[in-house]
Amino acid sequence: MPNSSAEIFIDSWRVYEKVVAHNYMYHDEFHTKVKIYLEKKFGTSPINILDLGCGDASGINSITENITLNSYRGYDLSGTALEYARAKFKDAEYSCILVQKDIREAVKEAGEKYEVVYSSYALHHLSDEEKQKAFTAIYSTLVPGGVFIYIDIFRPQLESREEYLQGYITWIYSEWHSLKDAEKALISNHVLENDYPASEDWMKKAALNTGFYIFNSPVNFHKHQLWLLEKE
Ligand SMILES: C[S@@+](CC[C@H](N)C(=O)[O-])C[C@H]1O[C@@H](n2cnc3c(N)ncnc32)[C@H](O)[C@@H]1O
């Protein structure tokens, strides 16, 4: 896939911020679930987090509010988003590294040391073949007992990519009321050119083939899902 997947996040980060602020992609619901899961799983043991396609790292502070971080490493192609992320971490008391790099390269250099690999709405920019490679690399970077927390868009098995994306765009135009038409058009073009959502069936098979234990059925919020994939 071309690197144009990050263009909108370089030039128009403020539009995406608006989408998140209005919770159109259910970040709030997913963050609440992830926060509870992390607190139950790790308690106060210090953990290391790798965030792939971190953007401005907007969710990290809330999901880690009651757990102890030893380190956080985020990768993203957008320098603009990383600048916002840097500001968020300026008072962090743990090691925090932000790197401008393609996810496909980032996963190769991570090393086996993370309790948590987190990726939210970024891997759908890769083809299924590239996603599978990323999952394999993610599995290797996790310590035993670690978890891959994966939030993304997924299409039903019987829907083609084109059908799914058209449905998504129709939904943007009818429900994302706080965006101007030009903003909706910008996002719709980005979606059509750069989004390759996996099917739910493909995702389940890929997770199992990689060796993950699927902690629970994926949590669904209208076209968006959270997967909790554990390395035993
Ligand atoms: C929809 S935003 C998600 C940001 C954040 N993780 C969230 O959940 O709000 C997608 C992010 O992935 C980044 N991105 C897209 N393709 C990428 C790639 N191949 N490598 C690294 N980052 C990429 C974009 O720059 C953008 O910040």
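None of the figures in this text is laboratory data; all of them are computed from the coordinates on show. Quick caveat: nothing in here was measured; it's all calculated off a predicted structure. All Cβ positions, even for glycine, are placed from backbone atoms using ideal geometry, and neighbour counts span all protein chains on display.
Counting only residues at least eight positions apart within a chain, or on another chain, the aspartates and glutamates with an alpha carbon under 16 Å from that of Lys184 are Glu7, Asp11, Glu17, Glu175, Glu193, Asp195. In region 1-153, if the dipole is taken from +1 on Lys/Arg beta carbons and -1 on Asp/Glu beta carbons about the Cα centre, which of His124, Leu38, Tyr139 is farthest to the positive end? Result: Leu38, furthest along the dipole toward the positive end. Counting only aspartates and glutamates at least 8 places from Lys231 when in the same chain, those with an alpha carbon closer than 18 Å to its own are Glu39, Asp51, Glu112, Glu115.
Checking the Cα-Cα distances for Lys131/Lys180; Lys90/Lys223; Lys33/Lys205; Lys33/Lys131; Lys35/Lys205 against a 31 Å cut-off, the pairs over it are Lys131/Lys180; Lys90/Lys223. Take every DSSP beta bridge whose two residues both sit in the chain; close to 35 percent of them are antiparallel. Restriction of the chymotrypsin sites (Phe, Trp or Tyr not before Pro) in region 107-210 to DSSP coil positions whose beta-carbon has at most 14 other beta-carbons within 10 angstrom yields no sites.
Using a/c under 1.5 as the rounded threshold, could you call region 12-112 rounded, prolate or oblate? The axes a ≥ b ≥ c are square roots of the C-alpha gyration tensor eigenvalues, and prolate needs a/b larger than b/c, oblate otherwise. Taking the square roots of the gyration eigenvalues as a ≥ b ≥ c, region 12-112 is oblate. Considering only Glu175, Glu130, Glu200, the mean-square fluctuation computed in a Gaussian network model of the chain, springs between alpha carbons under 10 angstrom, is largest for Glu175.
On average, how much area does the Cα convex hull of the chain cover when viewed from any direction, in nm²? Average of the hull's projected areas for the chain equals 11.4 nm². On the basis of the beta-carbon distance and an R0 of 25 Å, Ile36 and Val143 show a calculated FRET efficiency of 0.70. The modelled label-to-label distance between Glu109 and Glu193, using points 7 Å beyond Cα along the C-beta direction, is 2.7 nm. Dipole check for region 70-112: with +1 at the C-beta of Lys and Arg, -1 at the C-beta of Asp and Glu, and the Cα centre as origin, the magnitude is about 80 Debye.
Qualifying trypsin sites (Lys or Arg not before Pro) in region 145-232, where qualification requires a DSSP coil assignment and no more than 15 other C-beta atoms within 10 Å, comprise Lys180.
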